[in-house]
Ligand code: GDP
């Protein structure tokens with residue numbers, strides 16, 4: 001599965017949000033068999049109405065969503081890169097996640113102390129990002145020392161690596177997270193930063209603006225400023241009220257709907273968070289459907305049919321013959337797979353076919 005780390009300064013609402021996530025995970029675990037239960041990990045279903053619609057139309061006995069993992073990463077404070085607070089512990093956790101959700105406090109509350117003395121989400125975002133940048137710089141400089149020596153004695157590979165390192169260092173020294181210079185750096189350098197150096201600022205990031213209930217319908221000044229700032233640097237913002245999320249999860253379905261309606265919301269903020277994480281990682285969903293089970297699966301955009309089959313079973317990838325495919329948009333017009341087949345709407349695709357979001361797929365394979 002894919003994972004998203006939750007970071008942020010102390011007292012911004014991380015635990016409140018993470019509790020809502022784990023409560024949701026627990027509630028869902030009653031329906032789905034669950035593996036990993038660690039205190040700092042919450043695995044939640046990716047909300048997708050299409051899954052339930054297909055299952056209903058196909059009269060499936062079982063419905064299985066696809067999941068996203070959230071990891072509570074505590075300990076990021078000003079000076080963390082130099083060992084303040086929990087020091088470097090958090091770094092190991094960030095290295096393990098695929099994306100980062102940075103919680104930013106946008107709510108005012110005299111009773112909740114702000115570690116920096118005032119509410120200012122842009123400043124907070126910059127504090128956290130500077131810590132990550134500082135850590136990346138340290139990693140790059142260590143590597144540079146070695147590679148420079150090798151390059152000096154004429155090692156050709158080292159010279160190539162040196163160039164990459166210097167390009168990365170240049171971005172970091174300008175206090176810019178690498179992900180924001182993705183295009184300038186190019187895919188090869190980004191891959192190197194990610195796969196060889198395990199840098200932190202190369203991970204996609206979103207801001208989670210934690211607001212008061214009132215700001216859900218009419219944004220306060222802090223939120224407005226943050227949204228404008230984030231737009232300028234290309235970071236997506238998910239607006240939630242962590243406190244409300246915590247209240248929602250404690251309610252029964254009907255009461256929950258009532259409360260959401262009272263705030264003019266169509267769904268819990270948690271759904272938005274999961275979906276944004278999905279988007280951030282360039283993930284799409286395909287489905288397998290039938291009477292026994294309708295199930296959602298996650299793949300990276302651009303994944304080809306055999307590799308998508310491999311998500312289900314390695315035998316299916318090895319023995320891949322073809323994929324029978326219909327997209328949800330077309331499926332919903334006829335309302336059943338049997339009918340779609342009858343009408344010749346199910347296409348047969350080969351090994352080079354790229355799975356599209358919403359594809360309903362049946363894989364043919366040799367055993
Ligand atoms: P963490 O240190 O980032 O994990 O922050 P917590 O989740 O422990 O929250 C710190 C304090 O802020 C707690 O007293 C929460 O009840 C409060 N808090 C969290 N979210 C909200 C919110 O949306 N509105 C208000 N008013 N208080 C909140």
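Laboratory data are not the source of any read-out in this text; all were calculated from the coordinates shown. Remember, predicted model here, so these are calculated numbers, not experimental data. Counting neighbours? That spans all protein chains shown, and the Cβs are built from the backbone with ideal geometry, glycine included.
A crude spin-label estimate for the pair residue 122 and residue 307, with each label 7 Å from Cα along the Cβ direction, gives 4.0 nm. Taking the convex hull of the alpha carbon positions in segment 195-253 and averaging its projected area over all directions gives 6.2 nm².
Taking only the Cα atoms of the chain, the radius of gyration and Dmax are 23.0, 71 Å.
Diagonalising the gyration tensor over the Cα atoms of segment 302-365 and scaling each eigenvalue by 5 before taking the square root yields semi-axes of 21, 12, 9 Å, largest first. Going by neighbour counts of Cβ atoms within 10 Å, the residues 294, 64 line up, fewest first, as 64, 294. Extension gain, residue 357 to residue 247: 0.36 nm times the residue separation minus the Cα-Cα distance gives 36.3 nm.
Each Cα pair under 8 Å and six or more residues apart adds its separation to the average, and for the chain the resulting relative contact order is 19 percent.
Site pair residue 96 and residue 160 shows an inter-label distance of 3.3 nm when each label is modelled 7 Å from Cα along Cα→Cβ.
In the chain, the calculated helix contribution to ellipticity at 222 nm averages -13500 deg cm²/dmol per residue, counting -39,500 (n - 2.57) for every DSSP H run with n ≥ 4.
Length gained on full extension, residue 315 to residue 170, computed as 0.36 nm times the residue gap minus the Cα-Cα distance: 47.6 nm. When each of 364, 275 is scored by the number of other beta-carbon atoms lying within 10 Å, the sequence from fewest to most is 364, 275. Taken over the C-alpha atoms, segment 130-195 has Rg and Dmax values of 11.7, 35 angstrom. Ranked for footprinting exposure by Cβ neighbours inside 10 Å, fewest first, 183, 295, 95 give 183, 95, 295. Between 45, 209, 250, the residue with the greatest mean-square fluctuation in the GNM of the chain (Cα pairs under 10 Å linked by springs) is 250.
Considering only 326, 133, 233, the mean-square fluctuation computed in a Gaussian network model of the chain, springs between alpha carbons under 10 angstrom, is largest for 233.
Spin-label model, residue 327/residue 112: points 7 Å from Cα along the beta carbon direction are separated by 4.2 nm.
Between residue 59 and residue 29, the contour length at 0.36 nm per residue exceeds the alpha carbon distance by 8.6 nm. The Rg/Rh ratio for segment 72-218 is 1.06, where Rg is the radius of gyration of the alpha carbons and Rh is the Kirkwood radius. If you wrap the tightest convex hull around every Cα atom of segment 246-308 and split its volume per residue, you get 131 Å³. Using only alpha-carbon positions in segment 1-150, the gyration tensor eigenvalues give semi-axes of 35, 22, 13 Å once each is multiplied by 5 and square-rooted (largest first). So, R0 is 41 Å and r is the distance between the beta-carbons of residue 224 and residue 145; what FRET efficiency does that work out to, to 0.05? Result of the calculation: an efficiency of 0.35. Each Cα pair of segment 152-278 feeds into the Kirkwood radius, which the Stokes-Einstein equation turns, at 4 °C and 1.567 mPa s, into a diffusion coefficient of 74 µm²/s.
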